[in-house]
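Q: First the structure, then my questions, so here it is.
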Amino acid sequence: EGTRSKSRPHGPPAIAIVIDDLGVDRARTREAIGLPAKVTLSFLPYPSDSHALSHEAYLAGHEVMVHLSMQPIGSENPGPMALAENLSSAEIVRRVDWALDRVSDYSGANNHMGSRFTASRPALVPVMRELAGQGMYFLDSRTTASTRAEDVAREAGLLAGSRDVFLDDEKAAVSVERELARAEAHAREFGSAIAIGH
């Protein structure tokens, strides 16, 4: 469904569901590809299968995103070629281009981790300019309350939005059902909701 501005006065409530972290586990990725086509699928760039699997997802009717690995605050490893705030603008752009080359048929991107990187406006600017040059949109996964990603994306001219609900912070089915209900309530109140699962 892409990402929409939260002030949508007309039409029925809309919910976008994005499944992240695809490409690492081929079997589970194929399960995600088997979901209804309106579910958006976001592929990590570093797995060797991501290019082929993202093309399969596109052929199955899914919107495809690039799940850009970004530096977290803690010691968790975001994966190879992650974007980090201490890198030069040229190196950040090189890593973004590397990631885009490894996923097929994408229309947008969102962040994988990134609680440190998305809080850094200077680090985000070259990313968003590069994505804007590709005609993409950006979805802020909101891994920190200090994120600047949606604002910087909009300034660069991208269609941008941010996650409203994480579906599976708790993996139990009853927890996921509760979060889906939260997404529905948010959409009824604000016109739209963006939910991310894994």
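Q: Is at least one residue of region 65-81 under 14 Å from the mean Cα position of the chain (by Cα) and β-branched (Val, Ile, Thr)?
A: Yes, there is a match, as at least one residue in region 65-81 is under 14 Å from the mean Cα position of the chain (by Cα) and β-branched (Val, Ile, Thr).
Q: Kindly establish whether SER120 is touching a strand residue (DSSP E or B) at 6+ places or on another chain (Cβ under 6 Å) and either of a type in the set (Ser, Thr, Tyr) or open to solvent by less than 30 Å² (accessible area, probe 1.4 Å) (or both).
A: It is false that SER120 is touching a strand residue (DSSP E or B) at 6+ places or on another chain (Cβ under 6 Å) and either of a type in the set (Ser, Thr, Tyr) or open to solvent by less than 30 Å² (accessible area, probe 1.4 Å) (or both).
Q: Now, a different point. Among (1) within 30 Å of ALA60 (Cα to Cα); (2) aliphatic (A, V, I, L, M); (3) out of contact with any Phe, Trp or Tyr (no Cβ under 8 Å at 6 or more places or on another chain), which single condition is LEU131 missing?
A: The one condition LEU131 does not meet is (3).
Q: If you don't mind, there's one more thing I want to ask. So for region 86-102 (the condition being of a type outside the set (D, E, K, R) and at positive phi), does at least one residue qualify? Even if it seems obvious, please write down each step before you answer.
A: At the first step, the residues of region 86-102 found to be of a type outside the set (D, E, K, R) are 86-90, 92-93, 96, 98-100.
From what is left, the residues that are at positive phi are none.
So far as region 86-102 goes, no, none of its residues is of a type outside the set (D, E, K, R) and at positive phi.
Q: Are any residues in region 64-75 modelled with pLDDT of 95 or more and open to solvent by 50 Å² or more (accessible area, probe 1.4 Å), and if so, which ones?
A: Going residue by residue through region 64-75, those that are modelled with pLDDT of 95 or more are 64-73.
Once the filter is applied, which keeps residues that are modelled with pLDDT of 95 or more and open to solvent by 50 Å² or more (accessible area, probe 1.4 Å), region 64-75 yields only ILE73.
Q: So, in region 121-143, exactly how many residues are in contact (Cβ under 8 Å) with a residue 60 or more places away in the chain and either of a type in the set (D, E, K, R) or in contact with a Pro (Cβ under 9 Å, 6 or more places away or on another chain) (or both)?
A: The number of residues fulfilling the criteria is 1.
Q: Then there's this: Could you tell me whether ASP168 is out of contact with any Lys or Arg (no Cβ under 7 Å at 6 or more places or on another chain) and closer than 25 Å to ALA119 by Cα? Talk me through it step by step, then tell me what you get.
A: Working: out of contact with any Lys or Arg (no Cβ under 7 Å at 6 or more places or on another chain): yes; closer than 25 Å to ALA119 by Cα: yes.
Criteria met by ASP168.
Q: Need the failing condition index for ALA27 against (1) among the small types (Gly, Ala, Ser); (2) touching a Pro at 6+ places or on another chain (Cβ under 8 Å); (3) open to solvent by 50 Å² or more (accessible area, probe 1.4 Å); (4) more than 23 Å from PRO122 (Cβ to Cβ), just the number.
A: If we test ALA27 against (1) among the small types (Gly, Ala, Ser); (2) touching a Pro at 6+ places or on another chain (Cβ under 8 Å); (3) open to solvent by 50 Å² or more (accessible area, probe 1.4 Å); (4) more than 23 Å from PRO122 (Cβ to Cβ), just (2) comes out false.
Q: Please specify each residue of region 165-180 satisfying the condition of being acidic (Asp, Glu) and open to solvent by 30 Å² or more (accessible area, probe 1.4 Å). Show your work before the answer.
A: Step one: filter region 165-180 for residues acidic (Asp, Glu), giving 168-170, 177, 179.
Across region 165-180, the qualifying residues are ASP169, GLU170, GLU177.
Q: Of all residues being crowded, with 24+ Cβ neighbours inside 10 Å and out of contact with any Gly (no Cβ under 8 Å at 6 or more places or on another chain) in region 104-117, which is nearest to GLN134 (Cα to Cα)? Just the residue, please. Give the derivation first.
A: Going through region 104-117, the residues crowded, with 24+ Cβ neighbours inside 10 Å turn out to be 108-114, 117.
With out of contact with any Gly (no Cβ under 8 Å at 6 or more places or on another chain) added as a condition, the list becomes 109-111, 113-114, 117.
Numbers: ALA109: 11, ASN110: 14, ASN111: 17, MET113: 22, GLY114: 21, PHE117: 21 Å.
Here the residue is ALA109.
Q: Continuing with the same structure: How many residues are of a type in the set (A, V, I, L, M, F, W, C) and in contact with a Phe, Trp or Tyr (Cβ under 8 Å, 6 or more places away or on another chain) if we restrict to region 138-177? Steps first, please.
A: Going residue by residue through region 138-177, those that are of a type in the set (A, V, I, L, M, F, W, C) are 138-139, 145, 149, 152-153, 156, 158-160, 165-167, 172-174, 176.
Now restrict to residues that are in contact with a Phe, Trp or Tyr (Cβ under 8 Å, 6 or more places away or on another chain): 149, 153, 158-160.
Going through region 138-177 one residue at a time, the tally reaches 5.
Q: Among the residues of region 147-170, count how many are in a helix (DSSP H, G or I) and under 17 Å from VAL64 (Cα atoms).
A: Residues of region 147-170 in a helix (DSSP H, G or I): 149-155.
Next, only the ones that are under 17 Å from VAL64 (Cα atoms) stay: none.
Looking only at that region, the number is 0.
The values are calculated or read from the model by the stated rules, or taken from the named source; none is laboratory data. Model, not experiment: these values are computed from the prediction. All Cβ positions, even for glycine, are placed from backbone atoms using ideal geometry, and neighbour counts span all protein chains on display. All accessible areas refer to the heavy atoms of the entire protein, side chains included, with ligands and DNA or RNA removed. Shrake-Rupley method; radii C 1.70, N 1.55, O 1.52, S 1.80 Å.
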